[in-house]
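Visitor: The structure that follows is given in the form of structure tokens.
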Amino acid sequence: MKLGMAKLKQPRHDRLPQQQQETMRKAVRMEQVTIGFVIVTIVLVGAVAGQSQAMRSAWVEDMLSLVPPLAFLIASRVVRLASNRRQPYGYHRAIAIGHQAAALALLVMGGLLVFESISALIKQEKPPIGVVVLFGQDIWMGWLMIVVMAISAIPMVILGRIKLRLAKELHDKLLYADADMAKADWGTAAATIIGVLGIGLGFWWADSIAALVISVSIVKDGITNIRAAVTGLSDAQATRYDDSAAHPLTTDVEKRARETA
């Protein structure tokens with residue numbers, strides 16, 4: 001009996017077909033690559049952010065970008081645990097819980113950034129962007145900010161598109177949310193670049209407006225993903241991985257049940 005219970009509690013790796021197991025391994029590798037790249041980006045953006053509100057918002061968004069992949073990696077391990085007396089139906093909701101946690105983090109931090117951006121506009125804060133000496137030449141820090149944002153956006157967009165395909169194959173909403181955020185990272189980079197250029201041209205408000213755009217985008221992602229996560233946890237009608245429509249498998253099962261009744 002003890003041997004049977006011990007065996008029951010061990011992780012099981014046979015719950016997915018062979019093809020989906022390979023897809024899951026690819027998704028895990030992509031998330032690990034994403035985490036590594038985001039950490040490097042956080043360091044670079046933090047090093048050149050200066051007093052720019054837009055750069056600080058982009059930096060916070062980069063840190064928030066760690067939450068979905070970390071949630072996915074943790075949930076993908078938990079979900080494979082076998083059922084036991086405490087969890088008689090297994091841990092299949094781990095993905096949905098991870099999805100909700102990531103969405104909540106986005107919503108809370110996005111809300112704080114919106115408040116900071118609006119406060120900066122009201123106070124008419126004018127962020128200074130200084131000059132740095134590189135290889136004996138005086139270089140405006142704004143150019144470094146622009147280069148860092150442009151370079152950091154490209155790999156995230158590529159990773160996002162790869163993970164979108166994997167999310168579709170796995171029907172994984174947490175992976176899809178992460179991929180969708182990464183794919184749209186160019187928007188954050190573009191808003192930040194415009195804000196920095198605005199400062200250089202003398203438009204002090206451009207930086208705060210860019211920060212506000214980024215913050216609102218984070219809040220939007222949070223609201224969208226919280227809605228999707230709560231819907232899944234409340235046992236609503238099953239939908240596609242991107243919540244675009246009801247999942248066709250439900251109709252197929254009902255049809256097959258009627259045919260065999």
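Read-outs: derived from the displayed coordinates by stated rules, not from any lab. This structure is a prediction, so every number in the text was calculated from the model and none was measured. When we count neighbours, we look across all protein chains shown, and the Cβ atoms used for this are built from the backbone with ideal geometry, even at glycine.
Visitor: Calculate, for K255 and K168, the FRET efficiency according to 1/(1 + (r/R0)^6) with r their C-beta to C-beta distance and R0 25 Å; round to the nearest 0.05.
Guide: My answer for the efficiency is 0.60.
Visitor: What is the spin-label model distance, in nm, from L134 to I154 if the labels are put 7 Å beyond Cα along the C-beta direction?
Guide: Distance between the two pseudo-spin positions: 1.5 nm.
Visitor: Turning to a different aspect of this structure: Can you show me the helix-derived [θ] at 222 nm for the chain, built from DSSP H runs with n ≥ 4 at -39,500 (n - 2.57) apiece and divided by the number of residues, rounded to the nearest 500.
Guide: -25000 deg cm²/dmol
Visitor: Based on the mean of other Cβ atoms within 10 Å per residue, sort peptides 145-155, 94-104 so the most packed one is first.
Guide: Most protected by this proxy first, the peptides run 94-104, 145-155.
Visitor: List the residues of segment 102-125 whose backbone N lies under 12 Å from a point placed 7 Å from the Cα of M63 along the Cα-to-Cβ direction.
Guide: 109-110, 113
Visitor: Still on this structure: Normalising by the residue count of the chain, find the relative contact order in percent from Cα pairs under 8 Å and 6+ residues apart.
Guide: Relative contact order, the chain: 25 percent.
Visitor: Mind putting a number on the dipole of segment 73-222 about its Cα centre? Charges go on the C-beta only, +1 for Lys and Arg and -1 for Asp and Glu, and I need it in Debye to the nearest 20.
Guide: 900 debye
Visitor: Distance cut-off 30 Å, Cα to Cα: go down the list K26/K255; K126/K220; K168/K220; K123/K183; K123/K220 and report the pairs above it.
Guide: K26/K255; K123/K183
Visitor: May I ask which residue of P127, L174, I139 lies farthest towards the positive end of the charge dipole of segment 108-182, with charges of +1 (Lys, Arg) and -1 (Asp, Glu) on Cβ and the Cα centre as origin?
Guide: Result: L174.
Visitor: Which residue fluctuates the most in the chain, going by a Gaussian network model with Cα springs under 10 Å, if the choices are V38, V131, V216?
Guide: Sorting by GNM fluctuation, first place goes to V131.
Visitor: Then there is this: Considering all alpha-carbon pairs of the chain, what whole percent are spaced by more than 32 angstrom?
Guide: Distances greater than 32 Å cover 35 percent of the Cα pairs.
Visitor: Roughly how big is the chain's charge dipole about its Cα centre, with Cβ charges of +1 (Lys, Arg) and -1 (Asp, Glu), in debye to the nearest 20?
Guide: Approximately 1380 debye in magnitude.
Visitor: Still on this structure, I have one more. Where the centre of each part is set by its Cα atoms, how far does segment 15-60 sit from segment 63-114, in angstrom?
Guide: 16 Å
Visitor: What is the packing order of peptides 77-86, 109-118, taking the mean over residues of other C-beta atoms within 10 Å and listing the highest first?
Guide: 109-118, 77-86
Visitor: Give the span of segment 48-121's Cα atoms along each principal axis, as three whole-Å numbers ordered largest to smallest.
Guide: That works out to 55, 23, 12 Å along the principal axes.
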